[in-house]
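Report on the following structure.
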Amino acid sequence: MYQVKKPKPRSFPLRSKLPSEPVSTSLPGRGDTGVDAEYLGKEFRVLDRYALQDDLVETLRLTKRHKHLVKRVAECHRSFRHKVCGNNHQWAQPAKSCNCRLCPHDQRKRSLRLSHRWSEFLIGREDLRYVVLSERNSTDLHEGITSLYKAWKRLRASTLWKTQADGSIAVLEVTYNREEDTWHPHLNVLFEGGYIPFEALRQEWSEATRHTGQTAFIRKADAGTVRELLKYVTKLSDFVEHPVAVDNFLGAVARRRFIRTYGTFYRIPVDEDEGTDHCPDCDSDCVADIGIAHASQIVLDFKGVLRIDLSLLRQSQLPTSEDIVVAWPRAPVNRDRDDGTWRKTVERMAAEYVEAQRQHGDRRGVAS
């Protein structure tokens, strides 16, 4: 059996293991930390993600095959684009995303985006059930994932599954056991169809895994199932300090799809592209990009939305009407028949924003 060489102990403490400190002024989330407990929790969750990101960057420097990701991960969510919608709502959106499977920022962004899409798609569906399928822990993650998907294919080919499940969504989740130095890949499955007794499913899954797997549970899906299904697919904190484990994980999941759909769910959107921008306040898709801001100029509001602190913007960062860049929500069906509605809306947005900034500057001048 292949034995993974354990890395030498690190001479520096992990940022994510250090005691919690007041919110840094160089990261999103500054604010009055004593106002509301829920808001405070959101602030520190933001800080936890930045702490994990810093730890991941340090670990990537020590890997053999993924040092090239250091710069890309380090720059992720460190600068932001200033967005404004047609109703003059403003927010901040990350300018750079690393698209690394282990980045805590990208994991959360991907989960939220897919959760929003899927919640709308699954509304009104009744016979939804949630099941977790797994095999024994493996020392080789690549082999463990391959074996898991082969067993899943055999289960879908069984008479029980064919007759009871009309469609399904399978999401791969991976955890790491640092004491035993083993990996535990498993599938979180949401399926639509008839009732399947737990004992019958457990026996069928045992046959599909050649008696090496187990079914954790099966239950009727509820409102929180989609969020649970799309929770972070990797517990990064379990192995963020192990360069060998990080190397193995990134190598094993390269070019693999973490989400697969079947049957009646086959056409559900699972792509991980950015898609169309939407306002977090009114869901408008008429959005303009009006500038860039640093992480130190970002605040977190009580909705958990990142905003630009206008008082911290330098004069050179304040946009003019010429700086407005249209983020078109979609191309007109017939460009010859386009009446220019979007263009007029964006021009109005630009004029309103520039006027608001001018008045804001005048008030600051009077106050000083």
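Where a number appears in this text, it was derived from the coordinates with a stated rule and is not lab data. Predicted model only: the values in this text are computed from it and were never measured. Cβ atoms come from the backbone with ideal geometry, glycine included; neighbour counts cover every protein chain shown.
Per-residue counts of other Cβ atoms within 10 Å, averaged by peptide: what ranking do you get for 71-83, 156-168, highest first? List each step's numbers first, then the result.
Values: 71-83: 19.4, 156-168: 16.0.
Those peptides, ordered most packed to least, come out 71-83, 156-168.
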Inset, instruction - Tell me the GluC sites (Glu not before Pro) within the range 125-230 that lie in a loop according to DSSP and have at most 11 other beta-carbon atoms within 10 Å. - result: E126, E179, E180
Inset, instruction - Please give the FRET efficiency for S79 paired with E199, using the beta carbon to beta carbon distance and R0 = 41 Å, rounded to the nearest 0.05. - result: 0.15
Inset, instruction - Return the sequence-ordered ³J(HN,Hα) values of the range 157-163 in whole Hz as given by the Karplus equation 6.51 cos²θ - 1.76 cosθ + 1.60 applied to θ = phi - 60°, using x for Gly and Pro. - result: 8, 6, 5, 4, 6, 5, 7
Inset, instruction - For the range 40-145, state what percent of all Cα-Cα pairs lands in each successive 10 Å bin, counting from 0 Å until the bin that includes the largest distance. - result: 11, 27, 32, 23, 6, 0
